[in-house]
Amino acid sequence: MVQEKKLVQNVSGWLRIYDDGSVDRTWTGPPEAKFMAEPVPPHEEFIDGVATRDITVAESNRSVRLYLPEITSADKEKLPVVVHFQGGGFCISEPDWFMYYNMYTRFARAARFICVSPFLRRAPEHRLPAAIEDGFSTLLWLQSVAKGESKELWLEKHADFSRVFLIGDSSGGNVVHEVAALAGKASLEPLRLAGAIPVHPGFLRSTRSKSELEKPQSPFLTLDMLDNFLALALPVGSTKDHPITCPMGEAAPPLSGLKLPPFLVCLAEMDLIWDTEMEYYEAMKKANHDVELFVSKGMTHSFYLNKIAVDMDPNTAAETEALIARVKEFIEKH
């Protein structure tokens, strides 16, 4: 007789853990939103001006998705490289999910960059710092391509390795900070880290902030996700005051001691974690880092990934366009 496994934990429709240790990430929320969490196959032919390719990096045995905008006569020089880290509280989402495919094809086409999006290991199977290690190993792989030690035709032919940027949403924003800090201690030549863009980064403290208590929850961020994803992702015994989730806190290395590239911190006015995100921005300024702030008015956490809202609501569409334009401006500046 086969014993049926029992559900141990269910986090906001995104993640279920069973008593045998298995993990199910099938979306169980509204069925009309399911398409956003489904994988999009790669296509090396250009569709709407962008081609995609999935490769496996031999050194790490990790997969990476590439987005290449169609090269035009206006592209006089090689294109900057943007390394994207997916969000999802370190527990859910993949770079090939429709929500990311939809957004990063738009980004690559509009801002004229090659996007490199590694499939970061996820908790609870792989607790932190696994995702950070994967993020930094992506930079080391790009360095090896730049030096001719590894092969990747799109990058060899079209990438400007002197203009590499990091971008990540939600927990991916935490990865941006950590990888940028590691890069500041490393020799990455001929690679040059030109900038970093944490978007709605998952910076928190153990104590509830005022914004967590007062601002609206959304399908992309609930208090349940904040608490349970991080309990599953952080090293065993850690709290949200851990340096990865609270880089502006007392347990983290002083921000003033870090060698960091220019930062563009992108926030949403109605984000649940607005208060602690602003703490991070203010701490970066106080530490005399080159840091700019961009705020999407009236928007909630990761709003631009919600294609339904972007298509149906003119304000969400306009704020998404404004975010793309601001990221493009930052990349062109650096």
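Being small (Gly, Ala, Ser) and touching a strand residue (DSSP E or B) at 6+ places or on another chain (Cβ under 7 Å) is the filter here, so list the residues in the stretch 86-124 that pass it.
Answer for the stretch 86-124, where residues must be small (Gly, Ala, Ser) and touching a strand residue (DSSP E or B) at 6+ places or on another chain (Cβ under 7 Å): Gly87, Ala108, Ser117.
Hey, among the residues in the stretch 233-243 that are more than 27 Å from Phe303 (Cβ to Cβ) and of a type outside the set (Asp, Glu), which one's most open to solvent (accessible area, probe 1.4 Å)?
Val236
Under the condition of being open to solvent by 10 Å² or more (accessible area, probe 1.4 Å) and among the polar types (S, T, N, Q), which residue from the stretch 166-195 is nearest to Cys115 (Cα to Cα)?
Ranking the candidates gives Ser170 first.
Could you identify the single residue in Ser22, Ser93 that is on the phi > 0 side of the Ramachandran plot and out of contact with any Phe, Trp or Tyr (no Cβ under 7 Å at 6 or more places or on another chain)?
One residue alone meets the criteria, Ser93.
Does Ser171 satisfy the criteria of being in contact (Cβ under 8 Å) with a residue 12 or more places away in the chain and within 27 Å of Phe220 (Cα to Cα)?
Considered against the rule, which asks whether it is in contact (Cβ under 8 Å) with a residue 12 or more places away in the chain and within 27 Å of Phe220 (Cα to Cα), Ser171 comes out as yes.
So if I check each of Phe85, Phe46, which one is more than 30 Å from Glu125 (Cβ to Cβ), among the aromatic types (Phe, Trp, Tyr) and modelled with pLDDT of 95 or more?
Exactly one residue qualifies, and that residue is Phe46.
Of these, Thr52, Thr28, which one is hydroxyl-bearing (Ser, Thr, Tyr) and within 26 Å of Val176 (Cβ to Cβ)?
After ruling out the rest, the residue left standing is Thr52.
Any residue at all in the stretch 8-20 that's closer than 26 Å to Glu319 by Cβ, basic (Lys, Arg) and surrounded by 12 or more Cβ atoms within 10 Å (Cβ to Cβ)?
No, that holds for no residue.
Hey, does the stretch 82-100 have a residue that's among the hydrophobic types (A, V, I, L, M, F, W, C), without any contact (Cβ under 8 Å) to a residue 40 or more places away in the chain and open to solvent by 30 Å² or more (accessible area, probe 1.4 Å)?
The answer is no; no qualifying residue exists.
Taking Glu32 and the conditions (1) in a helix (DSSP H, G or I); (2) surrounded by 15 or more Cβ atoms within 10 Å (Cβ to Cβ), which numbered condition does it fall short on, given that it satisfies the others?
(2)
Against the conditions (1) out of contact with any Leu (no Cβ under 9 Å at 6 or more places or on another chain); (2) free of Cβ contacts under 8 Å to residues at least 40 places away in the same chain; (3) at negative phi, where does Pro190 fall short? Just the number, please.
Evaluating Pro190 over (1) out of contact with any Leu (no Cβ under 9 Å at 6 or more places or on another chain); (2) free of Cβ contacts under 8 Å to residues at least 40 places away in the same chain; (3) at negative phi leaves (2) as the failure.
Identify, by number, the condition in (1) open to solvent by 40 Å² or more (accessible area, probe 1.4 Å); (2) of a type outside the set (Lys, Arg); (3) out of contact with any helix residue (DSSP H, G or I) (no Cβ under 7 Å at 6 or more places or on another chain) that Thr222 doesn't meet.
(1)
Would you be able to tell me the number of residues in the stretch 49-62 that are open to solvent by 40 Å² or more (accessible area, probe 1.4 Å), in a strand (DSSP E or B) and at pLDDT below 95?
Matching residues across the stretch 49-62 total 2.
Sort through Arg163, Arg122, Arg127 and tell me the only one that's touching a Cys at 6+ places or on another chain (Cβ under 8 Å) and open to solvent by 40 Å² or more (accessible area, probe 1.4 Å).
Going through Arg163, Arg122, Arg127 in turn, the sole match is Arg122.
Right, Lys147: surrounded by fewer than 20 Cβ atoms within 10 Å (Cβ to Cβ), under 19 Å from Ser60 (Cα atoms) and more than 16 Å from the chain's Cα centre (by Cα) or not?
When the stated conditions are applied, Lys147 passes them.
The values are calculated or read from the model by the stated rules, or taken from the named source; none is laboratory data. Please read these numbers as outputs of a predicted model, since none were measured by experiment. Glycine also receives a Cβ, built like all others from the backbone with ideal geometry; neighbour counts cover every protein chain displayed. Areas reflect the complete protein model, heavy atoms only, side chains present, ligands, DNA and RNA absent. Shrake-Rupley method; radii C 1.70, N 1.55, O 1.52, S 1.80 Å.
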